[in-house]
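Written out below as structure tokens is the structure these notes cover.
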Amino acid sequence: MKKIRLSPSMLKDFKAYQNKMFCGFLFDALYISRTVIIDPTPSMQMGQFFEWIAIGSLPRDISDPAILIIPGLKIAGKKKVDVLIPELIKASQNSEEIPFELINDGLEYFQIKYYNLLIQADHFKKTLQHYKIEILSIQKTIQFDKEDYLRKGVLDIHARIHKMPDETGGYFKPFEAIIDIKSTGNINNRWEDYGWDLLSLPFKEKIMMQPKEYTMIWRLKYNKEIPFFFFVHANTNEYSRKIIKVNIYPGILQEHNEWVKSVPEIIKGEIFLGFTPYPDVEKCYDCPLRNKCVYRADHPKIHTIELI
Ligand code: SF4
């Protein structure tokens with residue numbers, strides 16, 4: 001049997017599967033038999049665009065930024081964008097400044113969220129300078145290899161932070177850190193799984209899987225811990241931004257690690273018995289397996305509520 005590859009996304013979906021919130025048929029197809037790939041959603045494309053414009057990183061399966069950007073811009077549905085984008089790419093590769101003047105003329109054709117992210121990327125670069133954040137590498141792969149499974153993560157940024165203020169009015173000594181950059185339409189949202197309201201954030205399993213797993217892999221690989229930061233940028237305006245340092249208590253990290261170590265054995269059991277489908281009219285509608293799936297839900301389940 002092949003090694004089971006454990007990524008934060010896979011672990012997040014497996015936890016949801018254990019909670020009956022993610023369909024086992026789809027989980028199997030995505031992460032075990034690997035017979036389907038989910039096309040990036042518009043918000044994922046926007047995130048990829050932001051990462052490219054902010055730090056020059058592209059998803060591993062994409063080598064040409066034009067390929068990355070054009071599908072996102074199809075949403076705007078205007079032809080002129082195709083002419084504009086190669087110029088934008090060329091200009092941004094030759095200059096540290098974002099060429100705003102290039103897009104001003106085309107703004108009516110340019111999705112406003114993309115425009116906000118261009119400005120946000122410029123803000124992000126200035127924030128790097130403000131805190132004297134030295135980028136040591138982008139898209140660094142970290143992994144922890146065991147006989148039957150592989151824990152793996154790709155860091156947006158491995159950095160050394162030289163000027164982070166402490167609580168006494170001074171500065172911490174320069175330190176290494178993991179930085180993950182995000183763009184979002186939910187920067188202050190409390191209720192969504194991917195909302196970035198600070199009070200509810202520690203309880204959001206889907207977001208917290210990544211800092212826990214990256215911190216743990218780093219510890220297993222290098223025998224030390226380094227802090228994890230989210231740099232979050234709104235795509236709904238050009239100014240809302242948050243820097244979030246995720247302090248993880250040792251007990252939480254230990255609990256996470258024990259759970260991850262148990263996952264390969266549980267998955268082997270699921271492979272043997274067969275993953276359980278959890279049809280749901282909303283999820284099945286978007287599912288890449290919907291055309292051939294015999295479990296597909298075309299009608300909502302009937303829920304009962306009690307008034308007492
Ligand atoms: S169509 Fe529905 S039941 Fe079938 S694999 Fe997709 S989510 Fe699961």
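Computed from the coordinates by the stated procedures, all read-outs in this text should not be read as laboratory data. All of these numbers come straight from a predicted model, not from anything done at the bench. When we count neighbours, we look across all protein chains shown, and the Cβ atoms used for this are built from the backbone with ideal geometry, even at glycine.
If you take the square roots of the eigenvalues of the alpha-carbon gyration tensor of the range 266-308 and sort them as a ≥ b ≥ c, do you get rounded (a/c under 1.5), prolate (a/b over b/c) or oblate? Oblate is the answer for the range 266-308, as a/c is 1.5 or above yet b/c matches or exceeds a/b. Fewest-first ordering of ILE138, ILE305 by other beta carbons within 10 Å of each residue's beta carbon gives ILE305, ILE138.
Among TRP196, TRP191, TRP259, the order by Cβ neighbours within 10 angstrom, fewest to most, reads TRP191, TRP259, TRP196.
Treat the count of other C-beta atoms within 10 Å as a stand-in for reagent exposure and order GLU147, GLU238 from fewest to most.
Details: GLU147 7, GLU238 17.
In increasing order of surrounding Cβ atoms, one gets GLU147, GLU238.
Here the 3J(HN,Hα) profile of the range 23-29, calculated from phi with Karplus coefficients 6.51, -1.76 and 1.60 at θ = phi - 60°, is 5, x, 4, 5, 4, 4, 5 Hz, Gly and Pro shown as x. The gain in end-to-end length when the PHE203 to SER9 segment is fully stretched comes to 68.1 nm, 0.36 nm per residue minus the alpha carbon separation.
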